[in-house]
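Right, one structure below, let's go through it.
The values are calculated or read from the model by the stated rules, or taken from the named source; none is laboratory data. Given the structure is predicted, the values throughout are model-derived calculations rather than measurements. No Cβ is skipped: glycine too gets one built from the backbone with ideal geometry, and neighbour counts run over all protein chains shown.
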Amino acid sequence: MTPDDAVVAEVIALERALLTREARSSATALDALLDPEFTETGASGRLWTRAEILAEMPASSPRPDRIADHAMAGRRLAADVVMLTFETEHQGRRARRVSLWRRSSGRWRLLYHQGTLVPPAPAPGNGRP
């Protein structure tokens, strides 16, 4: 395993922690994982600030134990920046996601996140082979 592989594995573990009920329902956990300059473009198209996420996410309910992720992969873009790409499934919706993690003060924190909904697959026989 190269140093870059080890860093990407560490960031993937942090991203997956954010997909758990424990992290998403805890302002303390979110505060530790979100960069002070965090922003998000949600799958709905809504723009979120760090303050909005910290105020609203822990209060939201119900929460699954964990949001399912698929094909999570990462790439180190700079010494202190890692980009992750993956898909999630939650409440019958699939989304493609991108997260940018930045290391500052010796730890990795989520700087930016974007989700894009994946349209449902067309029904068989709708003019597609």
Given the criterion under 19 Å from Ala27 (Cβ atoms) and either surrounded by 11 or more Cβ atoms within 10 Å (Cβ to Cβ) or not aromatic (Phe, Trp, Tyr) (or both), identify the matching residue among Leu100, Leu84, Leu54.
Leu54
Do the conditions hold for Arg75, that is, is it surrounded by fewer than 16 Cβ atoms within 10 Å (Cβ to Cβ) and at pLDDT 95 or above?
yes
Please determine, by comparing only the residues of the stretch 9-25 that are of a type in the set (A, V, I, L, M, F, W, C) and either in a helix (DSSP H, G or I) or modelled with pLDDT of 95 or more (or both), which one is nearest to Glu56 (Cα to Cα).
Ala23
When you check Ala43 against the structure, is it more than 28 Å from Asp4 (Cβ to Cβ), in contact with a Lys or Arg (Cβ under 9 Å, 6 or more places away or on another chain), of a type in the set (A, V, I, L, M) and surrounded by 12 or more Cβ atoms within 10 Å (Cβ to Cβ), yes or no?
yes
Of the residues in the stretch 50-93, those that are polar (S, T, N, Q) and in contact with a strand residue (DSSP E or B) (Cβ under 6 Å, 6 or more places away or on another chain) number 2
Output for the stretch 36-68, where each listed residue is touching a residue at least 40 places away in the same chain (Cβ under 8 Å), within 22 Å of Val81 (Cα to Cα) and hydrophobic (A, V, I, L, M, F, W, C)
Phe38
Could you check the stretch 1-15 and list, in sequence order, the residues that are farther than 23 Å from Ile67 by Cβ and charged (D, E, K, R)?
Asp4, Asp5
Within the stretch 10-35, residues exposed (fewer than 13 other Cβ atoms within 10 Å of the Cβ) and either under 12 Å from the mean Cα position of the chain (by Cα) or in contact (Cβ under 8 Å) with a residue 24 or more places away in the chain (or both) come out as Ala13
